[in-house]
Amino acid sequence: MSSWFGGSHGNNRNSNNDNDNDNQSSTSTHNPTNYRLKVTAGSEYDVKTHQLVPVNADETLRIESEHAVIHLCVRIRDYTGLPNGSPATNKYFSHPLHQNDQYSICFSFTPKHDINGNNLVFGNDFSRPIRDSIPPGFSTALRIVKWAIDPALDGDPYADKPYLYSPGLASWNYFRIGDKVQHSDNKHKETSSMNVHDLVVEEGADGSGEQTRSEKFQIPSDSAQRRKHFLDENIRQEFIFEKDRQYLVDFGNPYLGFNGDSYIFLSSFLIPVSNKANAADCPRKTDFTLRLPGFHLHVAEYIDAKKHKLRYTLKDRKTDQTYLVVLLTLLVRGSEEEVRERDDSSSERGSSRESSLERDDKHGHSHQEGRQGDVD
């Protein structure tokens, strides 16, 4: 159900530390630096091609490449990151399906060519090794995740470029198959904008997607049963993400927090962010603990200046083609970089909002109409 944590590996290269520390509670007095989070996204790894993600805002980010069209919305509970003035939360978290969730990465995905269902994966990857900083307790936490949360999880956290992926079909919390999109002037262009920020994606299908889901591929209607169904590799290989068909995805969980008394922990990766509205003036000590069923791991001492980026990637593992890259970057509050990014992101958000309004006008939508969606 989530692909945010480590991957399996052939030998236990850190077994001694794990056995000694798996069930211990740390009493570390580590005092973490105060950070701010910035979220960007694009169709590739190169951050120069990314756009700023308006977290929790009533805006949808459109990302198009030669391979797919994606509409993205990121929601984070108790958000205090960039750009300045971002809403602290979103009405999404008051929905009965998501009252315990800490975050949501929600997107529509319209491929421009067929993609095999066994090849499309979603998860985390890194550009540098992390093997030397994987903390004690990792093996136990990994076993719990694979047993209780995401049996399809696979990868190698000890590789030179660690990757931690799950097949999207077997891991996304909610998956919806939509209609084929219409074209205009022989170009791959939707006839209307897709306001993902208005939606709470529920398991199911729409239009011709209903027949595709229930008759063609015989996918269970329940989200948990669908994930279990697609644990079978042979069944995944039979599924095709069709060219020009729109798919809706929602991914998140209650285990991974981004703010106050919480953590981001990912293969020795920990991100602290205060949840105080006036956090710049009121730094606070944070409880950095990974909370999994029956297991708590205190890992505050594993933060350092190099572990400040986390990527969520949607890609074809056979061709290595990326379709969506969401990058979470941690900036030290008050640092030169944070101040620069704070100013730049505020300007960028204003420009992005103007562009969004222009796109809505072209498609016959007012921005106010976009606020009256299925979330209410």
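The values are calculated or read from the model by the stated rules, or taken from the named source; none is laboratory data. No experiment lies behind these values; they were computed from the predicted model shown. Here the Cβ positions follow ideal geometry from the backbone for every residue, glycine too, while neighbour counts run over all protein chains shown.
If you check every pair at least six apart or on different chains, which have Cβ atoms under 9 Å apart with a residue in the range 152-177 that is part of a helix (DSSP H, G or I) first and a residue that is of a type in the set (S, T, N, Q) second? Taking only residues 6 or more apart or on different chains, the pairs are G168/S3; L169/N118; S171/S2; S171/S3. Within the range 200-225, track down each residue that is in contact (Cβ under 8 Å) with a residue 60 or more places away in the chain and crowded, with 18+ Cβ neighbours inside 10 Å. Scanning the range 200-225 gives V200, V201.
Looking at V181, V201 in this structure, which one is of a type in the set (V, I, T) and modelled with pLDDT under 95? Matching residue, one of V181, V201: V181.
Before we move on, is L314 outside any loop (DSSP other than H, G, I, E, B), touching a helix residue (DSSP H, G or I) at 6+ places or on another chain (Cβ under 8 Å) and modelled with pLDDT of 95 or more?
yes
A single member of G117, G123 is modelled with pLDDT under 95 and either closer than 25 Å to V145 by Cα or surrounded by fewer than 22 Cβ atoms within 10 Å (Cβ to Cβ) (or both), and it is G123. The residue that is farthest from L327 (Cα to Cα), counting only those in the range 57-85 that are small (G, A, S) and modelled with pLDDT under 95, is G85.
Among the residues of the range 317-328, the one identified as in a strand (DSSP E or B), more than 13 Å from the chain's Cα centre (by Cα) and β-branched (V, I, T) is T322.
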